[in-house]
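Presented below is the structure to which this report refers.
The values are calculated or read from the model by the stated rules, or taken from the named source; none is laboratory data. This structure is a prediction, so every number in the text was calculated from the model and none was measured. In this analysis, Cβ positions are derived from the backbone assuming ideal geometry, glycine residues included, and neighbour counts consider all displayed protein chains. Just so you know, the surface numbers come from the protein's heavy atoms only, side chains and all, with ligands and any DNA or RNA stripped out. Shrake-Rupley method; radii C 1.70, N 1.55, O 1.52, S 1.80 Å.
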Amino acid sequence: MNRSKSYGVMLLLFVGLNLIWISSLNAQDRTDRSGKKSFKTGSLRGKVIDAETSSPLAAVNIRVKDTDSGAVSDPSGDFVIRDLPVGSYTLQFRIIGYKPLSRTDIIVKSDRYTSIEAELHPTYLEGEDVTVTAGYFAEEEDDPVSTISFSSEEIRRAPGSAGDVSRIVSGLPSISKVNDQLNSLVVRGGSPSENAFFIDNIEIPNINHYPLQGSSGGPIGLLNVDFIEDVDFTAGGFRASYGNRLSSVMQLDFREGNREEYDFQLDLHMAGMGAVGEGPIADGRGSWMLSVRKSILDLLVDAIATGVAPRYSDYQGKLVYDLSPHMKLSFLGIAGVDFIEFDKDQSFEDGNAFYGKHEGYEYATGINLKSLYKSGFSNTSVSYMATKYEADFTETKSDQKLLEENTHESSARFRNVNFFRLNNHLSTEFGAEAKYQVNDYDKFEGEYTNPFGDTTPPLIVNKEIEAPVYGAFGSFVIQPLESFTTTLGARYDYFDYSGHSHISPRISVSCDLDHRTSLNAAFGIYYQSPPLLLLSQDEDFKDLKDLESYHYILGASRLLWEDTRLTLEGYYKDYRNFPLDPDQPQSFVIDEMIYYGYAQKYNELIDAGEARSYGIEMILQKKLVEGIYGLVSASYSKSEYKALDDVWRDRLYDNGLVFSVEGGYKPNSKWEYSLRWIYAGGTPYTPLDLEASRLINRSVYDRNRVNQARMPDYHSLNLRVDRRFHFSHANLIVYFSVWNAYNRENVANYYWNEIEEKQDVIYQWTFLPVFGMELEF
């Protein structure tokens, strides 16, 4: 039996078992043991903590909005609300001395516990609750600018995301729209290599299957979004506890497993088919979660028009154990296995210039110890991660070897972060980091013609790089008045391989004009070492300066209604010390290396590249309180670079104007309708030199028109419908989504088709229906 037929049988078996299971559960739903119609309910279990110190809060009043149900937190901050009818709720948290908080999108499921962790921010006017608003929006006092948060339910239902957390944030105005086939985050003009990802205080270099070397992006997300409690995304001006990145930080918190009972889930959707299990350990002193998924994209090859069948699987788990009431140990494990093969005959038929295969793996594992103190906490993590790239590709028309690679990248990491509230007006955060990175490069790139038609010699790299990195940081949060907060911080970094060290100052200011309006500003200097993939080519390249960026940000936020907020923000980023190639004086090496997916051979590099990006962004966000939720965003920006010819050119990811509308409507607890529409100006590209391309029958770009043409504007509509079924002892979510609903032909790239000997075009995803379901029991 071939692989497609095998997956087809698995798919039919999965659907059949679900239908049998649903029929059984539906019978249970109609009657109980006494023969009467049953009433489906679930329960809420949660903890309330101080947002600054993580200390548990007792005597917090918790109310389920528009009901008579509620609870009061115990001395450990825990609470339970039982026997709520299934549906979607808003929870309100109140206690004197803290700002009120309202958590929306709390889903109560049949015969299950839903877990919530609520963080309340203190107010320092004794005996007086000065905040009259409901607190639907999470406050980020340490990162007052450029930060937006997503809850677990907002993550799950995002249309057009396919369960990929990077695609979920792609509708934000800070993100350039590059290509549907990749989820690479291009944040405020930076390259996809400039982003950091943290899960439970553990840095993960890349959260994707088929990770792109030297980048933080890829085509398919690795993380199971059912594990994610919430996401905080900061597009600039981030604080001193984060280093070696120039653009953004994404912080993801994985939830804990159920400490009371065993729960299971079966999934079938575009990302694959899989299973999730969770439950208690040691009589509720801890919990475990485990996820296993396998791709079924073999069945979707014709729909996504790739001509190949990528196959991958991933495995994720989290284990939590309370060593004491004030000390918690958590273990995190994430792994992915990838394989893709391009058949020679199929590549010839499709006009592809190469054929071959790629296989690899990526994994990360670590432990984190969280300790609570009277006025603060500390997080200490130790982790190890590794990535393997194994590739073998040959040119279709000549059978000339293009690439052979067997590269391993690995690193051991230590990270410690401490926070203490010294008094009502002063807090401090400090810590240290260390990383020992070992990259073993074994790579051969055959002689080929570079983008401008020049023949380049073979690139042979056989080198192991050991690269220790050390860092330390500290900051003070000063709040002399309830309405004014400033954060002063700095970090020190040392990169042993190059011998470079830096001190990076950071400052942010937030001022509340009233309880609905605030002004925010931030400035910071950021450094990042050049990709080791690039430095590995030549021993002299390690002397290249580290990349440098200056962030200037000014913004304002206005709470229009309790559930609706308007944010305006302007920024300017000044880049320095980027590597340039004297043989291509008009090119920007970092952008092209990531854009084309490989690092060509460079005889010499000079760290004289400059870049700048600036723009203004608007976000109008409405939380789900009364059936309707949404986010409207717009931005106008400019991103440019200057290479050795001293000419300012548009960078490859410069959209100019980006506008998006995302939102939905929940008429009841069963149905939900949502959409996302994105419009973006066309990105710059270098046109082909048609005569030169025809002469050598390869793509040759016009070196006199580098980035001077524009792709057609991009726009696309994604639609989604969710239907929930609640049974006596199980829950089912079925959803249907359509990507690019009106079948817009968005251009990904122009290239020279070497088989048909003419200019051709690669399109992004066309009309694509997506079906999925999740069965919880």
Spatially proximal aspartates and glutamates relative to K638 (Cα-Cα < 13 Å; intrachain offsets below 8 disregarded): D574, E617, D650, D654
Give the lysines whose C-alpha is closer than 21 Å to that of K294, dropping any in the same chain fewer than 8 places away, or say none. K5, K318, K357, K388
Under 8 Å for C-alpha pairs, at least 6 residues apart: give me the relative contact order for region 608-731, rounded to a whole percent. 21 percent
Taking Cα atoms, how many degrees apart are the long axis of helix 3-30 and the longest axis of the chain, rounded to 10 and kept between 0 and 90? 10 degrees
For region 391-447, what does the relative contact order come out to in percent, with C-alpha contacts under 8 Å and a separation of six or more? 40 percent
Mind scanning K109/K328; K109/K370; K65/K109; K542/K601; K374/K435 and naming the pairs with a C-alpha gap bigger than 20 Å? K109/K328; K109/K370; K374/K435
Over region 322-477, give the accessible area per residue in Å² for a 1.4 Å probe, as an integer. 46 Å²
For the chain, what is the relative contact order in percent, using Cα pairs closer than 8 Å and at least 6 residues apart in sequence? 11 percent
Mind scanning K177/K443; K47/K666; K397/K758 and naming the pairs with a C-alpha gap bigger than 21 Å? K177/K443; K47/K666
Determine the distance separating the Cα centre of region 584-639 from the Cα centre of region 392-462; give it in Å without decimals. 19 Å
Would you work out what percent of the accessible area of the chain, with all protein chains in place, is carbon or sulfur (probe 1.4 Å)? 55 percent
Quick one: order Y527, Y136, Y636 from most to least accessible surface, probe 1.4 Å. Y636, Y527, Y136
For H729, H551, give me the order by solvent-accessible area with a 1.4 Å probe, most accessible first, ignoring ligands, DNA and RNA. H729, H551
Ignoring ligands and nucleic acids, F767 exposes an accessible area, probe 1.4 Å, in Å² to the nearest 10, of 90 Å²
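Restricting to DSSP loop positions (anything but H, G, I, E, B) with no more than 15 other Cβ atoms inside 10 Å of their own Cβ, which chymotrypsin sites (Phe, Trp or Tyr not before Pro) remain in region 732-766?
Taking region 732-766 and a limit of 15 other Cβ atoms within 10 Å, the loop chymotrypsin sites (Phe, Trp or Tyr not before Pro) found are Y742.
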How large is the accessible surface of E662 in square angstrom, using a 1.4 angstrom probe and rounding to the nearest 10? 50 Å²
